[in-house]
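K.L.:
I have a structure here, written as structure tokens, and I will follow up with some questions on it.
The values are calculated or read from the model by the stated rules, or taken from the named source; none is laboratory data. Please read these numbers as outputs of a predicted model, since none were measured by experiment. We place every Cβ from the backbone using ideal geometry, glycine too, and count neighbours over all the protein chains shown.
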Amino acid sequence: MSMTSDISAPARPTAALQPATQPASRSNPVHPRPAIELQDASVVFGSGDKVVTALSPTTLRMARGDFLALVGPSGCGKSTILRLASNLIQPSSGIVLLGGREPAAKELRIGMAFQNPTMLPWLTIEKNVMLPLKIVEPFKRTFQQDKKGAYRDRVHALLAQVGLQDFAGHFPWQLSGGMLQRANLCRALIHDPDLLLLDEPFGALDQFTREELWQILQDLYLDRKPTVLLVTHDLREAGFLARRICVMSARPGRIISDKAVTMPQPRDIGVIYTPAFVEMTQGLRELIAQIRK
């Protein structure tokens, strides 16, 4: 669902963006049951004269297997929605449903990756990637009894998928920033999460490394098909990776645009230089510029 407001989109049509009533690709249909649903959910911090409304009442629905990018001005509530989806915070009003039920009724497996990979420096990359297997049910019940090394094989297969097969025994300080983010993605996916939450995961990287990781993340998404919620300031990143792009207003944030990206997947990195893609990102940029005025 999308909310309406008095801020309108640019007048010229954007061919690559359409109202989000259908999946962006027929070749990889999403499941009709919702993975995340916000029903007039709001978040307010503080009290008295220090009250801050981080998120206005917002309605949003993500189907299973969807890939949605949240964009908008800094401080508009993008990360607040991410925290609601991760069950780290509760709404001040409204309802948040995960997997079709309230968070307390059913626990989804959630993977998370942030701008800072936060690897434990005293553990090898292999052991860092293994960490969710030690704490997430049902894996932790069998991890210690894994005599045949099935979980280690799982880690190595995922590292190989992102080109880190030769670095399992290295320590985090021996890897570049881009390599650490690859390992970070592996750690977020190692326990087969139902929901993958990404908060500016590539924001600190140079453009070439970022584009390389976009392609890696796209491959991982198409291969494993988790539900993905991405928070980003990079409009090209949103357009290349996502099936839907939601634009948020300035704080107190609300969703003012919810459109499907119509370009089929998988997408080659060259698509970001095509006229349709440039028109799409420029339309998003103009909408966000209106918000700032």
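Conditions (1) hydroxyl-bearing (Ser, Thr, Tyr); (2) part of a helix (DSSP H, G or I); (3) more than 20 Å from residue 161 (Cβ to Cβ), marked per residue:
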| position | (1), (2), (3) |
| --- | --- |
| 205 | no, no, no |
| 213 | no, yes, no |
| 222 | no, yes, no |
| 258 | no, no, yes |
| 263 | no, no, yes |
| 282 | no, yes, yes |
| 288 | no, yes, yes |
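K.L.:
Hey, any hits in region 120-128 for a residue that's more than 20 Å from the chain's Cα centre (by Cα), in contact (Cβ under 8 Å) with a residue 24 or more places away in the chain and surrounded by 20 or more Cβ atoms within 10 Å (Cβ to Cβ)?
P.N.:
yes
K.L.:
I'd like to know if region 119-141 contains one or more residues that are among the aliphatic types (A, V, I, L, M), touching an Asp or Glu at 6+ places or on another chain (Cβ under 9 Å) and modelled with pLDDT of 90 or more.
P.N.:
no
K.L.:
Please tell me if residue 139 is over 22 Å from the mean Cα position of the chain (by Cα), buried (at least 19 other Cβ atoms within 10 Å of the Cβ) and closer than 30 Å to residue 84 by Cα.
P.N.:
yes
K.L.:
Say we look at region 213-242 and pick out the residues that are buried (at least 16 other Cβ atoms within 10 Å of the Cβ) and acidic (Asp, Glu); which of these is nearest to residue 188 (Cα to Cα)?
P.N.:
The extreme case among them is 237.
K.L.:
Still on this structure: Among the residues of region 17-24, are any at pLDDT 85 or above, touching a Ser or Thr at 6+ places or on another chain (Cβ under 8 Å) and farther than 21 Å from residue 136 by Cα?
P.N.:
No: region 17-24 contains no residue that is at pLDDT 85 or above, touching a Ser or Thr at 6+ places or on another chain (Cβ under 8 Å) and farther than 21 Å from residue 136 by Cα.
K.L.:
Condition first: aliphatic (A, V, I, L, M), buried (at least 19 other Cβ atoms within 10 Å of the Cβ) and under 18 Å from the mean Cα position of the chain (by Cα). Can you find one or more residues in region 204-212 that meet it?
P.N.:
No, the conditions are met nowhere in region 204-212.
Residues checked against (1) over 13 Å from residue 253 (Cα atoms); (2) in contact with a Ser or Thr (Cβ under 8 Å, 6 or more places away or on another chain); (3) surrounded by 15 or more Cβ atoms within 10 Å (Cβ to Cβ); (4) modelled with pLDDT under 75:
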position: 37; (1), (2), (3), (4): yes, no, yes, no
position: 58; (1), (2), (3), (4): no, yes, yes, no
position: 88; (1), (2), (3), (4): yes, no, no, no
position: 102; (1), (2), (3), (4): yes, no, no, yes
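K.L.:
What do you reckon, is residue 78 modelled with pLDDT of 90 or more, among the charged types (D, E, K, R) and out of contact with any Asp or Glu (no Cβ under 7 Å at 6 or more places or on another chain)?
P.N.:
So residue 78 passes the test.
K.L.:
Of the numbered conditions (1) of a type outside the set (Phe, Trp, Tyr); (2) crowded, with 18+ Cβ neighbours inside 10 Å; (3) under 18 Å from residue 191 (Cα atoms), residue 109 satisfies every one except a single condition; which is it?
P.N.:
Against the list (1) of a type outside the set (Phe, Trp, Tyr); (2) crowded, with 18+ Cβ neighbours inside 10 Å; (3) under 18 Å from residue 191 (Cα atoms), residue 109 comes up short only on (2).
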